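Contents: one structure, followed by commentary.
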Amino acid sequence: MEVWLHLVAKQAILAINAVALIVVVAGTIEALIVGTRAWLAASASEREFRGVTLRYGGWLVAGLTFQLAADIIETSITPTWEDLGKLGAVAAIRTFLSYFLERELSALRAHGGESTPPLGQ
């Protein structure tokens, strides 16, 4: 039973990390395309660039959240205290990045008086 649990957990970790990668890549591509269009447009405003930043930040927070989920699952199958310590450090760094990125996005939203549209729209 334990071997089966480890196998399922490792596959889940791989799948969740793949989703995180897809989310970050998709957000980066979207930010690059939309940001380039805004940059090339003669009428581009600071508000449009702020919107690109807010949406991109949302994608990054989503990617970090998926990675943290994979870290949580990995914690359940980590065999040694050294591995657990390394995993804890990585999880702490990702949580720290996610927290401060979300805080920065909140400040941008407050400054711009706008909300971020849902991802993928």
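The values are calculated or read from the model by the stated rules, or taken from the named source; none is laboratory data. Nothing here was measured: the structure is a model prediction, and the numbers come from that model. Glycine also receives a Cβ, built like all others from the backbone with ideal geometry; neighbour counts cover every protein chain displayed.
Brief remarks follow.
- Residue within segment 74-94 that is without any contact (Cβ under 8 Å) to a residue 40 or more places away in the chain, outside any helix (DSSP H, G or I), surrounded by 11 or more Cβ atoms within 10 Å (Cβ to Cβ) and on the phi < 0 side of the Ramachandran plot present: yes
- Residues located in segment 63-95, provided they are over 23 Å from Ile22 (Cβ atoms) and of a type outside the set (Val, Ile, Thr): Ser76, Pro79, Trp81, Glu82, Asp83, Leu84, Gly85, Lys86, Gly88, Ala89, Ala92
- Test: residue in segment 100-112 that is loosely packed, with under 14 Cβ neighbours inside 10 Å, over 17 Å from Gly27 (Cβ atoms), at pLDDT below 80 and not β-branched (Val, Ile, Thr): yes
- Residue within segment 58-73 that is more than 14 Å from the chain's Cα centre (by Cα) and either modelled with pLDDT under 85 or under 28 Å from Lys10 (Cβ atoms) (or both) present: yes
- Within segment 6-46, being at pLDDT below 90 and among the aliphatic types (A, V, I, L, M) holds for Ala38, Leu40, Ala41, Ala42, Ala44.
- Here Ala26 passes the criteria (1) over 17 Å from Ser98 (Cβ atoms); (2) assigned to a helix (DSSP H, G or I); (3) over 14 Å from the mean Cα position of the chain (by Cα) except the one numbered (3).
- Considering segment 36-51, the residues that are of a type in the set (Gly, Ala, Ser) and farther than 19 Å from Glu104 by Cα include one that is surrounded by the fewest Cβ atoms within 10 Å (Cβ to Cβ), namely Ala42.
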